[in-house]
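The values are calculated or read from the model by the stated rules, or taken from the named source; none is laboratory data. Predicted model only: the values in this text are computed from it and were never measured. Virtual Cβ from ideal backbone geometry, glycine too; neighbours counted across all protein chains shown.
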Amino acid sequence: MPHAESPTPTTRGRALGVYVHVPFCSVRCGYCDFNTYTADELGEGATRASYADTAIGEIVASGPAGGGRPVETVFFGGGTPTQLPAGDLVRMLRAVDDSFGLLDGAEVTTEANPDSVTPQSLATLRAGGFNRISFGVQSAVPHVLATLERTHDPAGVPQAVRWAREAGFEQVSVDLIYGTPGESMDDWRTSLEQAVALEPDHVSAYALIVEQGTAFARKVRRGEVVMPDDDETADKYLLADDLLTEAGLGWYELSNWARDEAAQCRHNLLYWHSDDWFGIGPGAHSHVAGERWWNVKHPAAYAQRLAADGSARHDGESIDAATAHVERIMLETRLRSGLSVSALGDGARSQVPDLLDRDLVTLGDDRLVLTRTGRLLADAVVRQLVD
């Protein structure tokens, strides 16, 4: 696959990425509020067989708006991108390269469920330019997976990871969820220990959030399941940090740990640094040059809009300086690299001594960085800096 020349540091400017949304899942998990659909929820014009060609149409139409900047990261998310044939994912990636230009050494990720890949599909993806894969493992404990309505057998995860390594993927990431109702500390320790045993380059561990409008939220409201309290959730975060750190994975964002700097997810860092990205697919969001916009959500409407107008854009907004400032504080505070104190206003800077006294942050080289205690109270720290 041809690649664009790498820009010099003085000409690079804001990094550019592409997110490709694949809205298909074999089963819709009750806790999920992502824009995803099972096959029987979709009508004509939104089939898996036709999806790649539809998305390629949007990629081709979006390319000129990239302004000639090569793409540094591509991320296929969902849904489960690997519900589509590997060849279709490769065709979409090729369209990104043809329309935007891929930077030499670009990070190209696909999410995958452990039971949605084969040695053959992984080999096709790797040969087609994918170099990073993120497996949605969530838990290694069957009863926890059942509560989450995940369909894969945890016993098959090591095999999927081995296949990815054998196919030549440079980076393998594992996604975990903690705080599921009924999950004990021992259950969570088991999931962490089995994740570490996979020797991943990267681990994401997120607390389960009850999203309004989901089946899971309705169960909580009816008292059918009980969410853990904040102290238990904090203890599980600390356990994750302990075990992952002992395994040589360092935190670089509140919920993400990596083997080294090269293993950090460059695409997510692009989000956290408020760089630019184009979102492809139904419901996908874009953020370019101070403008944010998003596509129509339903896959059938998405396909129809593209066919009729050449654009699936639903709405958008301009990001003013005040909003950009608040978002910078919210996002960069989450990072181990921290937030520049000089970027704060006088009111926020006046809060720094209190945050230092309470051992919520450290300060060095003009960077405000959360302590371990501060990570547990990150939202409160952000509120103090924003207010």
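The residue of region 26-52 that is modelled with the lowest pLDDT, among those that are part of a helix (DSSP H, G or I) and within 18 Å of Gly279 (Cβ to Cβ), is Tyr51. Considering Ala247, Ala197, the condition of being surrounded by fewer than 17 Cβ atoms within 10 Å (Cβ to Cβ), touching a residue at least 12 places away in the same chain (Cβ under 8 Å), assigned by TED's automatic domain parsing to the domain that holds Tyr19 and more than 17 Å from the chain's Cα centre (by Cα) is satisfied by Ala197 alone. Report whether or not Gly79 is of a type outside the set (A, V, I, L, M, F, W, C) and modelled with pLDDT under 90. So Gly79 fits the description; yes.
Just to verify a result, which residue in region 292-313, among those that are in contact with a Gly (Cβ under 8 Å, 6 or more places away or on another chain) and among the polar types (S, T, N, Q), is surrounded by the most Cβ atoms within 10 Å (Cβ to Cβ)? So, considering only residues that are in contact with a Gly (Cβ under 8 Å, 6 or more places away or on another chain) and among the polar types (S, T, N, Q), the one surrounded by the most Cβ atoms within 10 Å (Cβ to Cβ) is Asn295. Residues satisfying the criterion are absent from region 98-108 (criterion: under 24 Å from Val196 (Cα atoms) and either small (Gly, Ala, Ser) or part of a helix (DSSP H, G or I) (or both)).
Going residue by residue through region 314-323, is there one that turns out to be farther than 25 Å from Ala106 by Cβ, touching a residue at least 40 places away in the same chain (Cβ under 8 Å) and either over 17 Å from the mean Cα position of the chain (by Cα) or surrounded by fewer than 16 Cβ atoms within 10 Å (Cβ to Cβ) (or both)? For region 314-323, residues farther than 25 Å from Ala106 by Cβ, touching a residue at least 40 places away in the same chain (Cβ under 8 Å) and either over 17 Å from the mean Cα position of the chain (by Cα) or surrounded by fewer than 16 Cβ atoms within 10 Å (Cβ to Cβ) (or both): absent.
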